[in-house]
Amino acid sequence: MSETPRDWILVTGGSRGIGRAIVEAIATPQRHLVLTYLRGREAAEQLVDTLRAADCSAEALGFDVGDSSECAQATEQLRTRLGAPYGIVNNAGVHRDGLMVWMKPDDWRDVLRTNLDSFFYVTQPFLKGMLANRRGRIINITSTAGQVGNAGQVNYAASKAGLIGATRALAKEVAPRGITVNAVAPGFVDTDMTADLPADRLKSMIPAGRFGQAREVAAVVSFLLTEGAGYVTGQVIGVNGGLA
Ligand code: NDP
């Protein structure tokens, strides 16, 4: 199962952080990349310009991955124009941390809709086409918190654990048609999302003694997109410096 020149890959939340590093790592002149953003239009468009200057085909598309009608609209226009993608990287995500005893219902809902509902809203519209193509890659960015839990992140851990369950179940549904579905579970990675955390205290808990870099997560995503990764499916691959 090798890629063809017409192949395209969707990366949600490609404007910054891990998503941006994924886009940079997987861009080649043979692929068309669609990177999505919510607020970071300028950053997304600058990235597209940089990729185009390097002969890579890319476009940026803004929509809220947690909003079912925005997703339906965006996926419909992509399907009409580009057909089914070769790969989908469900990366966009948020956290709204706080102990559950104080957690506002909106903080629960916002995190679940952005991190988990988005997987369904973004992936499901393309599934029929991918099944018909008998090939493809779906990669969900989950988290160590979804594997082992984390105090102050009941909403976030629930969303990421849900994503792991969905990954394993969908992998079994689509494996007969040559589509792999995997989750990548970063630990602490240097991005805007972790900028306010007490880094020195946390680093002492990480066997590697440091936060990860976004490109170290991107390298695993990049591998999962290759032909050689065709027999890897239903897996949760940790990128966490030995934390879990
Ligand atoms: P950042 O906060 O740096 O970036 C988040 C990205 O998601 C941005 O591109 C943002 O777009 C996009 N986004 C957020 N909400 C929405 C939305 N409703 N609709 C569309 N796009 C949205 O996060 P990271 O790069 O750190 O995280 C990326 C993924 O990795 C997330 O799923 C996160 O949970 C996961 N992860 C991160 C870890 C870390 O330590 N950093 C650890 C474990 C997992 P825009 O800028 O345009 O608003």
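Scoring 66-72, 130-136, 87-93, 143-149 by mean Cβ neighbours within 10 Å over their residues and listing the highest first yields 87-93, 143-149, 130-136, 66-72.
Between Phe120 and Phe223, what FRET efficiency follows from the Cβ-Cβ distance if R0 is 22 Å, with the result rounded to 0.05?
Using R0 = 22 Å, I get an efficiency of 0.30.
Based solely on its DSSP helices, what 222 nm [θ] is calculated for the chain when runs of n ≥ 4 H residues each add -39,500 (n - 2.57) and the sum is averaged over all residues, nearest 500 deg cm²/dmol? When only DSSP H runs of four or more count, the value is -13000 deg cm²/dmol.
Would you list, by chain and number, the aspartates and glutamates whose Cα falls below 20 Å from the Cα of Lys128, excluding same-chain residues fewer than 8 positions away? By straight Cα distance, Lys128 reaches Glu3, Asp7, Glu70, Glu76, Asp117, Glu173. Here the label points at Arg109 and Ala54, each 7 Å from Cα along the C-beta direction, are separated by 4.1 nm in the simple model.
The residues Tyr37, Tyr231, when put in order of fewest to most other Cβ atoms within 10 Å, stand as Tyr231, Tyr37.
Legend: calculated FRET efficiency, Arg210 to Thr80, from the Cβ-Cβ distance at R0 = 51 Å, rounded to 0.05, equals 0.70.
When you count, for each residue, the other Cβ atoms within 10 Å and take the mean per peptide, how do 49-57, 156-164 rank with the highest first? Mind dumping the intermediate values first?
Numbers: 49-57: 13.7, 156-164: 21.8.
Packing proxy ranking, top to bottom: 156-164, 49-57.
Computed from Cα atoms alone, the Kirkwood hydrodynamic radius reported for the range 7-237 is 17.8 Å.
Among Ala199, Ala219, Ala171, the residue with the largest mean-square fluctuation in a Gaussian network model of the chain, with springs joining Cα atoms closer than 10 Å, is Ala199. Ordering Leu10, Leu78 from the fewest to the most neighbouring beta carbons within 10 Å gives Leu78, Leu10.
Calculate how steeply helix 17-26 sits against the longest principal axis of the alpha-carbon atoms of the chain, using the helix alpha-carbon long axis, and give the answer as 0 to 90 degrees to the nearest 10. Value to nearest ten degrees: 30. In this simple spin-label model, placing a label point 7 Å from the Cα along the Cα-to-Cβ direction at both Ala195 and Ala151 gives a separation of 2.7 nm. Working from Cα pairs under 8 Å separated by at least six residues, relative contact order for the chain is 20 percent.
Quick check on packing: order 205-216, 109-120 by the mean number of other C-beta atoms within 10 Å, highest mean leading.
109-120, 205-216
Residues in the range 171-177 carry Karplus couplings, in order, of 4, 5, 5, 9, 4, x, 9 Hz; the curve used is 6.51 cos²θ - 1.76 cosθ + 1.60 with θ = phi - 60°, and Gly or Pro positions show x.
Values in this text are rule-based calculations from the coordinates and carry no lab data. Every value quoted in this text rests on a predicted model; they were computed, and no experiment measured them. For neighbour counting, all protein chains shown are included, and Cβ atoms are generated from backbone atoms with ideal geometry for every residue, glycine included.
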